[in-house]
Structure formats: C-alpha cells, structure tokens
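The values are calculated or read from the model by the stated rules, or taken from the named source; none is laboratory data. In this text the structure is predicted, and so the values were computed from the model without any measurement. With ideal geometry, Cβ positions are generated from the backbone for all residues, glycine too; neighbour counts draw on all protein chains shown. Calculation scope for accessible area: heavy atoms of the full protein, side chains included, ligands and nucleic acids excluded. Shrake-Rupley method; radii C 1.70, N 1.55, O 1.52, S 1.80 Å.
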There are 2 protein chains.
Amino acid sequence: MTDVKKSRRRPRSDGQRNREQLLDVAKTAFTMGEVDIPLDEVARRAGVGIGTLYRHFPNRDALIEAVYRAELDRLAEAAPVLAAQHPPVEALRAWMRLFVDYIAAKQVIAPALNGLVGGTGALYAHSGDVLKAAVNSLVSAAIAAGEFRADIEPLDLLRALAGVSNFSAGPGWESSAKRLVDILIAGSRSLAS
Amino acid sequence: MTDVKKSRRRPRSDGQRNREQLLDVAKTAFTMGEVDIPLDEVARRAGVGIGTLYRHFPNRDALIEAVYRAELDRLAEAAPVLAAQHPPVEALRAWMRLFVDYIAAKQVIAPALNGLVGGTGALYAHSGDVLKAAVNSLVSAAIAAGEFRADIEPLDLLRALAGVSNFSAGPGWESSAKRLVDILIAGSRSLAS
DNA sequence: TGTTAAACGGAGTATTACTCCGCATATTCA
DNA sequence: TGAATATGCGGAGTAATACTCCGTTTAACA
C-alpha cells in the first residue's frame, strides 16, 4: 500500500520548521482556551503566511487533529512502561491517572477536540486506535490475573475518562477525576474470590 | 432581583410561535448531525427572517443552549419520579440509563454541546445545576440507605456519563454505555456489609 | 554556482456571522 | 369596531473568518 515513491529530495528544513512552529502556536493557543482563534492569527504568531498554514493543514480540523494526535501518542507510549513496572491493576490505575493529569489537566484535548466529534468522527476512528490499544493491554492483563471480571470492556473505561476531561473546569476538579478512576476500578473488579 | 417590570402587554403570539419553530428546526438539524448548519438556513427552514432568529437568540451559542436546556430540564424532572418508584440504587441506575437513552442516543446533546464547552463554560454553570440537583438527590438516597459509600460524589458519576455521550458513535455503542452504568454503580457500592 | 522542485506569502474570493432600521401587525382601549 | 402604539418582522448591508491561487523565493542537489 501507500508506496513511498522514490523521494528524489530530502524534505526542506524550513518546511519542517514552519510546521512545528504552527503546531506549537496552535497547541499553546488551544491550551490557553483560545479555541476559536482565527487561523490568520495562528499563522501570524508562528511568523508564517496564511498560505503556509493551509499547505500544512488543509483546514482547521486538520490542525486540531495534529495537535491532538501528538499528545495522544505520548500518552499511549506510557502504557507498556507502566505495565512493566507495576502489577496489572496498579498499572491501569496509574495510566488512568496519567490520562487525567496529562490530557485533561493540560487542557489540550478537551477544548480542542470539541467540534471535531460532531464533524466527521474521523479523529476518533484514527487516533482512538492508539489509545484503545494501550488501555486494552492494561485491562487484558488485569483480567488475565483474575483481578477484573472478564466482561469488562476497556473502551468503556476510556470513554468515561474522556468525559471527565470535558468537564475539566472549576476548582477541585482534579481530585474529582481521581475519585472517578477509583470508582471505575472498584466497579471492574472480580466479585470476591 | 430581576424585577418583572409592569408588563403592559401580553407577549405577541407570533413571537412565541416563531421562537418555537426556530427551536424545533435547530433541534432537528442538530439531531441529524448538521451541527454546522448556517444560521440563515435555520431561519429559512423555520420560515422566518434572519433578523428574527437573532432577536430571539443573540448568537449561535444561545440557540444551541436553548435547545440543550429544554432537553436537560426534561431529564432532570424524571429523577424524583424514579426515586418514588424504585429503591434508591435502582432509581439511580434507571436514571442513568435514561440519561444514556435520552441524551446521548438522541444525539441532541453530544454534538451540539461541543464548541460550547471550550467557550464560556456558562452552559455548564447554568444548565448543569438542574442535572446536578437531580443526580444529587438520587445518590444521597443511596448513601442514606447504606448502599453506597459515603464518599461518592454525585458529580463524578455525571461526568463519566457525559463523557460517554460524546463518544456516541459506531455500532454497539449503546450497550457499551449501559455496561458503564453498571460499572459505576458497582464501584460506588459499600464494601460488603 | 546553476537548476529545479519544494515551499513561501499574502492579495483576493467565498462563506458565514451579526447589525440596523423602516415596515408590519398583534394587543389594548375608547 | 377602529385608532394608537408597542412589539416583533424582514432582509439588505457590514464584519469577520475560512480558504484559494499563483507569482516569487529558497533549500537541496549535482
């Protein structure tokens, strides 16, 4: 599939630099709550022309998705590390807390992802996969160890967490999210042996 | 506060009719996934001028919120009814399932609410209250009956549910949401007496 | 250091959000 | 019932934002 073509040239360094600068500006803006920032403004802050922005990201959603995806990938990478360091259930708990801290607390995902959901849904279909794989391995381990009931669906837990990150506002929010993690884990456990 | 002024006249009937027609068209459009429908188009379908739309709803968010609020109110009203008909935990379970069916499955909330969350947050602050009160009474009852641990925060459950409704896409989604309800309830129960 | 493909910039166009105000009509009251 | 008037209507006009197009610039390679 996707043949690589014989790339006659190395990609241009200014192109990569601009792309990164755009992502950086966008991520910062989204994090600061400027979800509706005009794209001209993003280009201006990144020090590039509007045309350059649109060449790298054909529309607003593409830009948001790119920011989103980078964050998700890093979160997904943490799963195997945690699995190697902790017993199954604790590894899952740690990962879910990481989800809370990293995704929601940083506000990168929650605000930015809104507006995409209602759109094509392509974002979830695509990026969702890496998260799905991550949580899947953790939950499978807990089931294999007999700690979780066999009918627990990893995606259910993920969905619940994602929801919490959408409500991430107001004080004391973080501890609320962590309580929820514990409720989810308690609710997933096997009935007493 | 909000003094009522001496209203010298009854509100005009055509005004109310138009308002309802606009809400109806908007709700239908959002439900059909046309979240980005231009407001001119909403006005056209409702058979009114664009000016009329903007008089009733000063901007897009106001329209979305109005649609949203009507649905939430009806959901909140179900709580006391269920509480009267079932034992505490079952009442809560029934209400949460209603949440799933009514809000998420009808797709009115999830897509429409996106974009508001990142904005002012006024929507949650306002409409959130009625839902909060509803779930609060149900959970309090379960705690009072000794079925739930005392440290369960009603809002945590609500947040988890709201999240699920954002992921409401793809087949088999509904059963997933209902499994989650059960996990949440199992995780909230008192440790065996 | 010349050639060339890749990337740039930003003026221009399309689309959508929102305003403003003259006109129409429902309500009230004599 | 008909005149008076506040309330609401309509849609042309303006502003803001998304997105395109193409002549110019520049990094990569020989």
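A few notes on this one:
- Qualifying residue in the stretch B:64-81 (condition: buried (at least 18 other Cβ atoms within 10 Å of the Cβ), within 13 Å of DNA strand C (Cβ to nearest atom) and over 19 Å from the mean Cα position of the chain (by Cα)): no
- Candidates are the residues of the stretch A:163-193 that are at pLDDT 85 or above, facing chain B (nearest Cβ under 7 Å) and open to solvent by 10 Å² or more (accessible area, probe 1.4 Å); the one that is nearest to residue A:138 (Cα to Cα) is A:186.
- Scanning the stretch A:25-46 for residues that are open to solvent by 20 Å² or more (accessible area, probe 1.4 Å), at pLDDT 95 or above and more than 8 Å from DNA strand D (Cβ to nearest atom) turns up A:25, A:44, A:45.
- Positions within the stretch A:29-63 being of a type in the set (Phe, Trp, Tyr) and either within 14 Å of chain B (Cβ to nearest Cβ) or away from DNA strand C (no atom under 16 Å from the Cβ) (or both), in sequence order: A:30
- Residues that are under 26 Å from residue B:31 (Cβ atoms) and either within 10 Å of chain B (Cβ to nearest Cβ) or modelled with pLDDT of 65 or more (or both), drawn from the stretch A:121-162: A:121, A:124, A:125, A:128, A:155, A:156, A:158, A:159, A:160, A:162
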